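We did not get these values from a lab; they are worked out from the coordinates using the rules stated. Because the structure is a prediction, the values reported are computed rather than measured. No Cβ is skipped: glycine too gets one built from the backbone with ideal geometry, and neighbour counts run over all protein chains shown.
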Amino acid sequence: MFSESFAEAWRARYGVDPGFELPELAPFLRHRSVRDFAPEPIGERTLSALIAAAQSASTSSNLQLWSVVSVDAPESRAAFAELAGNQRQILSAARFLVFCADHHRLRRAGARVGEDCEGLDYAEFGLMAFLDAALAAERLVCAAEALGLGACYIGAVRNDLQRSSALLGLPSGVAPLFGLCLGWPEAGCAAEIKPRLDQAVVWHRERYDPQAEVAAYDERMRPFYVSQGMKGEVTWSMRSARRVDGRHMTGREVLKAFFERVGFWIR
């Protein structure tokens with residue numbers, strides 16, 4: 001349903017013309033978070049193919065330290081929506097998935113062949129699981145968008161990891177990381193391409209530039225905020241700095257203790 005050209009999507013991202021054309025990449029540039037879904041379902045075959053796309057993502061050492069749980073029961077959806085701040089798209093999406101870091105499967109496999117897998121206690125393998133899950137999810141989203149589906153990540157699954165884990169029946173060694181809503185965008189869906197930081201701020205050549213400035217991005221974001229019914233005078237820098245001031249953690253201040261308790265980041 002979203003059909004911006006490469007140049008149109010580039011202008012939405014950066015506020016300037018690209019000066020060149022790569023139309024094959026337009027589908028990737030036109031990504032946006034979709035929160036308004038039509039009632040059409042996503043069948044099992046389609047979801048199976050999307051999971052196959054996720055499993056086709058790169059995974060370090062082929063350890064595949066992630067799992068995904070599909071949540072379809074209305075009562076479970078309602079519980080996730082409530083703990084995620086009543087985000088309505090969790091209820092209306094055709095599918096709701098929760099991606100997890102997973103050490104449990106490899107520990108069991110190791111025990112079967114006489115290995116204790118003590119190295120999983122190290123931060124390296126916790127980080128590896130988080131990266132694997134993120135890579136898999138983004139590959140799934142790219143595949144879903146190629147079919148015309150829309151997607152919206154739900155980081156607020158981490159607002160209450162204990163409850164999220166209980167809802168999913170997760171054993172020790174598995175931790176929920178984020179949710180993902182999938183569905184067909186509602187007709188007339190007004191989801192917009194969100195501007196991103198200038199490439200000069202994120203793309204460093206040879207050495208990192210610590211003086212890279214975001215003031216221009218603050219200005220570019222003002223009209224986008226207004227279009228979303230938000231205050232344009234509150235800049236991206238203001239919003240982002242407040243988000244990480246340590247006083248808006250929404251329950252996530254206990255993540256480190258939770259991850260250690262279920263077997264991640266112990267040493």
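Within a Cβ distance under 12 Å of ARG267, other residues only, what is the Lys/Arg minus Asp/Glu net charge?
On the way: positive: none; negative: GLU118, ASP121, GLU124, GLU260.
Value of the local net charge: -4.
Where does the chain land at 222 nm, in deg cm²/dmol rounded to the nearest 500, when only DSSP H runs of n ≥ 4 count, each adding -39500 (n - 2.57), divided by all residues? Don't jump to the answer; show the numbers that get you there.
On the way: 12 runs with 112 residues, N = 267.
The helix contribution divided over the chain gives -12000 deg cm²/dmol.
Name the residues whose placed amide hydrogens come within less than 5 Å of the amide hydrogen of LEU177, ignoring near sequence neighbours (fewer than 5 apart) on the same chain.
Excluding prolines and chain starts, which carry no amide H, the hits are PHE99, CYS100, ALA101.
For the range 217-267 and the range 147-206, write down the distance between their C-alpha centroids in whole Å.
14 Å
In µm²/s, what is D for the chain at 25 °C and 0.890 mPa s, where D = kT/(6 pi eta Rh) by Stokes-Einstein and Rh is the Kirkwood radius from Cα pairs? Please report the intermediate quantities before stating the final value.
Working: Rh = 20.5 Å.
Translational diffusion coefficient: 120 µm²/s.
Sticking with the crude label model, points 7 Å out along Cα→Cβ, report the distance from GLN162 to GLU253 in nm, one decimal please.
1.5 nm
Can you check what the net charge comes to around PRO23, using other residues whose Cβ is under 12 Å from the Cβ of PRO23 (Lys, Arg +1; Asp, Glu -1)?
On the way: positive: ARG30; negative: GLU4, GLU8, GLU21, GLU24.
Local net charge: -3.
Just grab the label-to-label distance for LEU22 and LEU147, each label 7 Å out from Cα along the Cβ direction, in nm (one decimal).
Distance between label points: 2.7 nm.
Which of the chymotrypsin sites (Phe, Trp or Tyr not before Pro) across the range 193-225 are loop residues per DSSP, with 11 or fewer other Cβ within 10 Å? Walk me through the numbers before you get to the answer.
Values: sites: TRP203, TYR208, TYR217, PHE224, TYR225; in loops: TRP203, TYR208.
Hits after loop and neighbour filter: TRP203, TYR208.
Could you give the length gained on full extension between GLU192 and ARG261, defined as 0.36 nm per residue of separation minus the Cα-Cα distance, in nm?
Working: separation 69, 0.36 × 69 = 24.84 nm, distance 3.98 nm.
Between GLU192 and ARG261, full extension yields an extra 20.9 nm.
Tell me, what is the Rg over Rh of the range 222-267, with Rh the Kirkwood radius over Cα pairs? Could you put the intermediate results ahead of the total?
Numbers: Rg = 16.4 Å, Rh = 13.1 Å.
Answer for the range 222-267: 1.26.
Treat each spin label as a single point 7 Å out from the Cα along the C-beta direction, and report the ASP116 to GLU40 distance in nm.
5.5 nm
First select every other residue whose beta carbon is under 12 angstrom from the beta carbon of GLY126; then total the charges, Lys and Arg +1, Asp and Glu -1. Mind showing how you got there, number by number?
Numbers: positive: LYS256, ARG267; negative: ASP102, ASP121, GLU124, ASP132, GLU260.
With Lys, Arg at +1 and Asp, Glu at -1, the net is -3.
First measure r as the distance between the Cβ atoms of SER56 and GLU206, then evaluate 1/(1 + (r/R0)^6) with R0 = 25 Å and state the FRET efficiency to the nearest 0.05.
Numbers: r = 33 Å, r/R0 = 1.30.
Calculated transfer efficiency: 0.15.
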